Amino acid sequence: MSGWRTAEEVLRDHRVRDVLVPGWIDRDDDLPEFRPQPVVVWLRLDGGQGLLRFASQGQYARLGVALVPGVDWADVELLAEAEDEVIVASCGEQLFGDGRDELRCTRLRAYRTSAGTDCTCLALDFEDGRTLFLDPTWPFGIKVGNEADEQRWLKRYGSGDATGSAVGVDSSVL
């Protein structure tokens, strides 16, 4: 099972606990710093039911989606061959705010070019009124953003993508 329909099916049955972003610890300076490398991003699901893995694919042209049992970056050359210590950062509080342990996704929007059915970007609306927008067209991997990022992306690509193809949307209420 892969593609945005995977996200739809999984999020229909599970709540989201966290958003995980990989990166490494840069210890070259006097102050160690986390350097995010979001070529993959995971949503941690409720009840230990695994993770929803999003990966930037096809030269940053589409978003791959898969249900996985745990965090793994063996297939991501940038992380697998990193000389620095690779870790995963929890970004859920920054994206969703405080007050809830798990959020239910209420709506999903999968943006795609009319030239294909592959998911280009994905917007997830949650019960607290927040939106998580995943954009793999960002030059550094997946831009993990919010509703404002979705609106900026639509303003830029809504009438057509870089090849002139119109952008379509598949929407689901979960």
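Legend: residues CYS91, CYS105, sorted from most to least accessible area (1.4 Å probe; ligands, DNA and RNA excluded), read CYS91, CYS105. Ligands, DNA and RNA excluded, the heavy atoms of LEU78 present near 80 Å² of accessible surface to a 1.4 Å solvent probe.
On full extension, the segment bounded by ARG156 and ASP46 gains 36.1 nm, given 0.36 nm per residue less the C-alpha separation. Largest to smallest in accessible area, the residues GLU85, GLU102 fall in the order GLU85, GLU102 (1.4 Å probe, all protein chains included).
Only DSSP H runs of four or more residues enter the estimate; each adds -39500 (n - 2.57), and after division by the residues of the chain the mean residue ellipticity at 222 nm equals -4500 deg cm²/dmol. Remark: accessible surface ordering of ILE142, ILE25, ILE87 (largest first) is ILE87, ILE25, ILE142, probe radius 1.4 Å. Looking at (1) 11.6; (2) 12.1; (3) 10.6, which value of mean projected area of the Cα convex hull in nm² comes from a calculation on the structure shown? Matching entry in (1) 11.6; (2) 12.1; (3) 10.6: (3). A straight chain from ARG5 to GLU33 at 0.36 nm per residue would run longer than the Cα-Cα distance by 6.5 nm.
The values are calculated or read from the model by the stated rules, or taken from the named source; none is laboratory data. From a predicted model like this one, the values you see are computed outputs, not experimental measurements. The area values use the complete protein model at the heavy-atom level, side chains included, leaving out ligands, DNA and RNA. Shrake-Rupley method; radii C 1.70, N 1.55, O 1.52, S 1.80 Å.
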